[in-house]
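Take a look at the structure set out below.
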Amino acid sequence: MADPRSAPQPQQQPQQQLRPFRPGGQPLLQVREVWAGSFDREFAAFALALEPRGSVLALDTEFPGFLRETPWWTRAPGPAYEALRENVDLLWPIQVGIAVASSDGAIRGVWSFNLRFDAETDPHSQTSLAFLRGAGIDFERHRAEGIPGAELGRRLANSSLVGPYAPCWLAFSGLYDWGYLLKLLTAGRALPADLSAFHRVLATYLPRRIDLRDFLPSGSLEALGQAFGIRRHGQAHTAGSDALLTLQLYIHLVASGPVAISMSGLLPEKTWCLEEWAGWDMDNLLRYYWGNSWATDGWPIDWRSSAAHAGPCGVSPAR
């Protein structure tokens, strides 16, 4: 994401030398735009694109701006999370983009779920709406044909995409992406009060996740894609296109090695901030952070019977 919608950046680390991307026979990639009328069909196709073991999913969200800005004088995690929590609690995402790759690095598809949003009545910042309109987002169509966010959240929450056997999820500067995904998964529940609780709750849904910003501390997604020679498919600052570019960037890092990645994704140094599943007793954990009302407010979860065990958090591209 880019200004005016960029989140605070992490501390700088030494820049890695870049090498060009070699797609190696990837099929022509096209973002599948999903609206309410095609939601059932496209969600079924999305589910079929997943492997029983080893899929990698890249996430991007587009949302209507910031109503609370992070204080300019600090980059401390606490104030930044307070601003994030207030923004996510007040707003809803406009687009959710998910790109899927198999364990051999083949991209299986890209979906942009276009959610219901009314620019006349839903909270937003004018600057961000103008920015997104310039990227091609059709707010009239979002109002008339958008998918209810609650329905997308329900489908995701009752799938094997979240929970103890969830596949690996990727994002780029993804704290807001994780926050909005968590809001969808919990039927609009307010985010936890502090950053530590947020990560603990998020880990119950996405126990294996990667933020590429942790490895590439400088440069926008667009600039990094160009530096690696990765061709963008679709319009920048739309969720499907940004999710696909995030996934291609990850595959390139694995295949070309400008950074050291274990193919299992389990790095002993925890450079990727991977969090392992902490246990089955999710309801007690969520009640601890959110109170006893969570069980009646959240979606019913059926991970024990429906989840297929996912493979390692990594890909092994064919050479």
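Throughout, read-outs are computed from the coordinates displayed, never taken from laboratory work. Computed from a predicted structure; not experimentally measured. Cβ sites come from the backbone with ideal geometry, for glycine too, and all protein chains shown count toward neighbours.
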Q.
Only counting other Cβ atoms within 10 Å, I'd like V162, V100 sorted with the fewest neighbours first.
A. V162, V100
Q) Between S38 and T121, how many nm apart are label points set 7 Å from Cα along the C-beta direction? A) 2.7 nm
Q: Step through the residues of region 227-242 one at a time and calculate ³J(HN,Hα) from phi using the Karplus curve (6.51 cos²θ - 1.76 cosθ + 1.60, θ = phi - 60°), rounding each to whole Hz and writing x for Gly and Pro.
A: 5, 7, x, 8, 7, 7, 10, x, 8, 4, 6, 10, 5, x, 5, 5
Q: Multiply the residue gap between A47 and D104 by 0.36 nm, knock off their C-alpha separation, and tell me the result in nm, one decimal place.
A: 18.7 nm
**Q.** For region 109-148, diffusion coefficient by Stokes-Einstein and Kirkwood Rh (Cα), 4 °C, 1.567 mPa s, µm²/s
**A.** 121 µm²/s
Q.
Please report the spacing between the Cα centers of region 154-208 and region 107-130 in Å, no decimals.
A. 19 Å
(Q) Using Cβ contacts closer than 10 Å as the measure, can you line up W169, W35 from fewest to most? (A) W35, W169
Q | Length added when fully stretched, S256-A193, from 0.36 nm per residue minus Cα-Cα | A | 18.7 nm
